[in-house]
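S.K.: This is the structure I want to talk about, given as structure tokens.
Bear in mind that the values in this text are calculations on the coordinates, not laboratory data. Just so it is clear, the model here is predicted, and its values are computed rather than measured. Note: ideal-geometry Cβ built from the backbone for every residue, glycine included; neighbour counts use all protein chains shown.
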Amino acid sequence: MPQHWIRRFAQGYRSFRQNYFEKNRQLFQQLRDGQTPKVMLVSCCDSRVEPSLILDAGPGDLFIARNIANLIPPYEPDMHHHGTSAALEFAVKNLGVSHIVVMGHAECGGIAAALAGELAGESQFIGTWVSMISPIRNAVLKEAGDRPVAEQQRLLEQRSIVQSLRNLDSFPFVVERVQAGSLFIHGWWFDIHSGDLLAYDSASDAFGPLPF
Ligand SMILES: [Zn+2]
């Protein structure tokens with residue numbers, strides 16, 4: 001059995017315990033009393049996109065939900081098992097976060113598979129999950145089907161972030177707070193090649209440098 005990967009991370013834990021944990025004992029003491037993150041982040045499961053590292057965040061800073069292709073599903077109170085919606089509900093209603101950031105990324109495998117239409121019938125769960133972006137995938141193919149695949153991919157990665165922001169607007173507890181001015185939503189896209197982080201600007205309907 002290839003144990004070396006697990007050994008590597010067991011060693012990693014020991015190093016964390018001896019170094020980071022010891023140096024930040026006070027922080028961990030405070031966190032024992034509860035968490036008060038102001039920002040919820042929805043990002044991809046992709047191992048190359050490490051939100052806390054990219055945003056220089058520590059324990060207690062970010063409430064993170066990771067899923068395939070960083071998608072926010074539509075509001076569907078139907079008794080099914082909605083992990084991302086549950087995380088959203090907890091972040092907004094219980095923690096009272098002030099910001100929700102949907103962070104997509106370049107070279108997203110979930111988006112690539114959705115674009116190629118590979119998943120229909122080949123997976124138990126993934127196909128159904130990413131099928132929520134089928135309408136925008138079809139729109140991208142219609143609009144940019146003759147452009148290089150890399151360009152279509154980037155377009156779908158960014159448009160799916162915008163779709164997730166729209167889906168956020170279908171959750172009554174989100175809309176209520178956005179309208180009251182106590183909750184702000186953001187769409188960001190991380191480029192693995194260049195290290196750039198772009199933000200969606202609704203006025204220009206485009207992604208550009210972070211405005212802050
Ligand atoms: Zn991804």
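S.K.: At a Förster radius of 25 Å, what calculated FRET efficiency corresponds to the Cβ-Cβ distance of F9 and F212, to the nearest 0.05?
M.R.: Details: r = 34 Å, r/R0 = 1.38.
According to the calculation, E is roughly 0.15.
S.K.: What is the Cα centroid distance between segment 160-188 and segment 18-43, reported in whole angstrom?
M.R.: 26
S.K.: In whole Hz, what ³J(HN,Hα) sequence does segment 7-18 give by Karplus (6.51, -1.76, 1.60; θ = phi - 60°), x for Gly and Pro?
M.R.: 4, 4, 7, 5, 5, x, 4, 4, 5, 4, 4, 6
S.K.: Further question on the same structure: If you line up the long axis of helix 134-144 against the longest principal axis of the chain, both from Cα atoms, how many degrees apart are they, to the nearest 10?
M.R.: For 134-144 against the chain, the angle is about 60 degrees.
S.K.: Rounded to the nearest 0.05, what FRET efficiency do N138 and S52 have when you use their Cβ-Cβ distance and R0 = 41 Å?
M.R.: Working: r = 35 Å, r/R0 = 0.85.
The value I calculate is 0.75.
S.K.: Under the Karplus relation 6.51 cos²θ - 1.76 cosθ + 1.60, θ = phi - 60°, what is the ordered set of whole-Hz ³J(HN,Hα) values for segment 91-107, x standing for Gly and Pro?
M.R.: Working through the residues one at a time gives 4, 7, 7, 8, 8, x, 4, 9, 9, 10, 10, 9, 10, x, 7, 6, 6 Hz.
S.K.: Can you sort D201, D56 by how many other beta carbons sit within 10 Å, fewest first? Walk me through the intermediate numbers first.
M.R.: Details: D201 13, D56 7.
Ascending Cβ contact count within 10 Å gives the list D56, D201.
S.K.: Further question: Going by how many other beta carbons lie within 10 Å of each one, how would you line up F190, F184, fewest first? Write down the numbers at each step before the final one.
M.R.: Working: F190 24, F184 13.
So the ranking, lowest neighbour count to highest, is F184, F190.
S.K.: Continuing with this model, one more query. Please give the charge dipole size of the chain, origin at the Cα centre, charges +1 on K and R Cβ atoms and -1 on D and E Cβ atoms. Round to the nearest 20 debye.
M.R.: That gives a dipole near 840 debye.
S.K.: Could you point to the residue in G58, S15, L88 farthest towards the positive end of segment 1-116's charge dipole, with +1 and -1 charges on the Cβ of Lys/Arg and Asp/Glu respectively?
M.R.: S15
S.K.: Given an 8 Å cut-off on Cα distances and at least 6 residues of separation, report the relative contact order of the chain as a percent. List each step's numbers first, then the result.
M.R.: Values: 271 pairs, mean separation 43.6, N = 212.
Worked out over the chain, it gives 21 percent.
S.K.: While we're here: Can you compute the helix-only [θ] at 222 nm over the chain? Use -39500 (n - 2.57) per DSSP H run of at least 4 residues, normalise by all residues, nearest 500 deg cm²/dmol. Spell out each step's value before the answer.
M.R.: On the way: 9 runs with 85 residues, N = 212.
The per-residue figure over the chain is -11500 deg cm²/dmol.
S.K.: I'd like the Karplus ³J(HN,Hα) series for segment 194-202: coefficients 6.51, -1.76, 1.60, θ = phi - 60°, whole numbers in Hz, and an x wherever there's a Gly or Pro.
M.R.: Computed from phi, the couplings for segment 194-202 are 8, x, 5, 10, 9, 10, 7, 10, 5 Hz.
S.K.: Another question, if that's okay. Pick from L155, L88, L71: which residue has the top mean-square fluctuation in a GNM of the chain where Cα pairs under 10 Å get a spring?
M.R.: Maximum fluctuation in the GNM of the chain, among the listed residues, is at L155.
S.K.: At a 10 Å Cβ-Cβ cut-off, how would you order Y75, Y20, Y13, Y200, fewest neighbours first?
M.R.: Details: Y75 18, Y20 13, Y13 10, Y200 21.
Listed from fewest to most nearby Cβ atoms, that is Y13, Y20, Y75, Y200.
S.K.: Once you mark the trypsin sites (Lys or Arg not before Pro) that are in a DSSP loop and have at most 13 other Cβ atoms within 10 Å, what is the longest gap between them in the chain? Write out the running numbers ahead of the final one.
M.R.: Working: sites that count: K38, R48.
Result for the longest clean stretch: 49-212.
S.K.: Of F212, V97, Q29, whose Cα points farthest to the positive end of the dipole of the chain (charges on the beta-carbon: +1 Lys, Arg; -1 Asp, Glu; origin at the Cα centre)?
M.R.: Q29
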